[in-house]
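K.L.:
Attaching a single structure in structure tokens format; questions to follow.
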There are 2 protein chains.
Amino acid sequence: MTSTPIAELWPTLPGGADTRPEAAYRLLRAAVESFAERGFHATTTRDIATGAGMSPAALYIHYPSKAALLAEISRAGHAAALALVRAAAAGEGDPVARMRRLVEDFTAWHARARTVGRVVNYELHALPEDDYAAVAALRLDIEREVTALIEAGCADGLFEVAEVRTAARAVTSLGIDVSRWYTERSSETPEELGRHYGELVLLMLGAGR
Amino acid sequence: MTSTPIAELWPTLPGGADTRPEAAYRLLRAAVESFAERGFHATTTRDIATGAGMSPAALYIHYPSKAALLAEISRAGHAAALALVRAAAAGEGDPVARMRRLVEDFTAWHARARTVGRVVNYELHALPEDDYAAVAALRLDIEREVTALIEAGCADGLFEVAEVRTAARAVTSLGIDVSRWYTERSSETPEELGRHYGELVLLMLGAGR
DNA sequence: GTACTGACTAAGCGCTTGCTCAGCATGCTG
DNA sequence: CAGCATGCTGAGCAAGCGCTTAGTCAGTAC
């Protein structure tokens, strides 16, 4: 439906040199919409091609397979999420300020780019083995950034948690799940939701104002 | 894989009178395993039948379609989750004690019955329209129970939250997402995880000890 | 002009899918 | 015993799948 977040997301992502024909991006966008709405296996190559305004055979000029489209989406989406987490974790301020920004950005991204988010988080099982391995590494990196930030906060006496790993799970989990339930009919904007979730997480980590 | 939670879950569930042939339960269990691992659309009727130790045709003696199997699983799973939430919300103690038990039970259930949980939470889009409507009503009931309990806690001055609906979302979201990431290799048992999550949620709601 | 390229389509191949159907064994009932 | 219901199988159908093929056509190079 709303393809604006995807349009914003892509041209900047797959690695600088943007020499790919515009038709390849139309296919990516159509694939994201279909995969998010129906799932990978229920989406046909005909769906994607039609959504991109071309015949089924044209898809194979730009991508070697349906799974390759999924892999490209998943890699780009994970890279974007990790970049955002890294920027917040390495940003300015104490661990409290950095965690607040991390949760705000992570949450707002999963609300804004919820179609990409759904593909990224709920279609992992359909990835070819190699692509899955690459993407799993990115997911581990995200988890590690969050864990390290919580540990830093604990070391400074700003956070207080029983189990760091469980707390880190809860933080990423809250953000990821936003892409499952958020719709454009939700009462809060992605940014408002981000701010509320930022508050909730800081309380959860024992850093209430 | 581990089918014990499913085995425990079912015979008690689909409505008292347990006159259904044992083969129907074997089909249910095989379907849960397949749907959870590969997703509804990637699962074939041959997968399910083979998993239940019979030929593909035998499936249609017990269920009219592949989707009917999904619907039965989804209804039973949602009913179980709602029952557990209702029991905790209407239990003994103040809102703090009841919320703690609600989160503990809801979380532990999503960890223990993670295969059922995955089907219940991530295959909704594959449900026939009527079944979806029935299941959506159960989901709304769960959300309402949690919201009401938070409101009760706020009224008693035990909780303090900026937005009740957002807080309720966060509580259910944390529990649901457990079924996505929890594995039998996770470092905590379902019950330990439940206790940790119970603590985190109470902090989040401004009720830290 | 000729030669070549990249983006595309119409047609369709080989295979898998959800599901059906005729038939068979078993056990219960009169 | 016959009569019939139940639970099941082997074979297979129609539809739809991912992907391929042969060929079209506008654009570019020389």
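Every number in this text was worked out from the coordinates using simple rules, so none of it is lab data. None of the values given here were measured: they were computed from a predicted structure. Note that each Cβ is placed from the backbone with ideal geometry, even for glycine, and that neighbours are counted across all protein chains shown.
K.L.:
In bins 10 Å wide, starting from 0, what share of all Cα pairs of chain B does each bin hold, as a percent?
P.N.:
Using 10 Å bins, I get a P(r) of 8, 33, 32, 18, 7, 1, 0 for chain B.
K.L.:
I need the inter-copy label distances for A:A23: point set 7 Å along Cα to C-beta, values in nm with one decimal, smallest first.
P.N.:
Between copies, matching label points for A:A23 lie 5.2 nm apart.
K.L.:
Along Cα-to-Cβ, 7 Å out, sits the label point; list in nm, shortest first, how far the one on A:R38 is from those in the other copies.
P.N.:
1.9
K.L.:
I would also like to ask the following. Loop-only check: which trypsin sites (Lys or Arg not before Pro) in the stretch A:139-197 are DSSP coil with at most 16 other Cβ within 10 angstrom?
P.N.:
Within the stretch A:139-197, the qualifying trypsin sites (Lys or Arg not before Pro) (loop, at most 16 other Cβ atoms within 10 Å) are A:R185.
K.L.:
Note down the magnitude of the dipole of chain B about its Cα centre, charges +1 on Lys and Arg C-beta and -1 on Asp and Glu C-beta and zero elsewhere, to the nearest 20 debye.
P.N.:
So the dipole magnitude of chain B works out to roughly 440 debye.
K.L.:
Mind pulling the angle between the C-alpha long axis of helix B:129-155 and the longest principal axis of chain B? Nearest 10 degrees, somewhere in 0 to 90.
P.N.:
The answer is roughly 20 degrees.
K.L.:
Restricting everything to alpha-carbon atoms, can you work out Rg to Rh for the protein assembly as shown with a Kirkwood hydrodynamic radius?
P.N.:
With Rh from the inverse mean 1/r over Cα pairs, Rg/Rh is 0.97.
K.L.:
Counting other beta carbons within 10 Å of each residue's own, what order do B:F40, A:F35 fall into, fewest first?
P.N.:
Fewest-to-most ranking of B:F40, A:F35: B:F40, A:F35.
K.L.:
Provide an ascending nm list, one decimal, of label-point separations from B:A136 to the equivalent residue in each further copy; define each label point as 7 Å from Cα along Cα→Cβ.
P.N.:
Once sorted, the set of distances for B:A136 reads 3.6 nm.
K.L.:
Still on this model: I need the P(r) histogram for the stretch A:81-169: all alpha carbon pairs, bin width 10 Å from 0 out to the longest distance, whole percents.
P.N.:
Distribution as computed: 16, 43, 30, 10, 0 percent.
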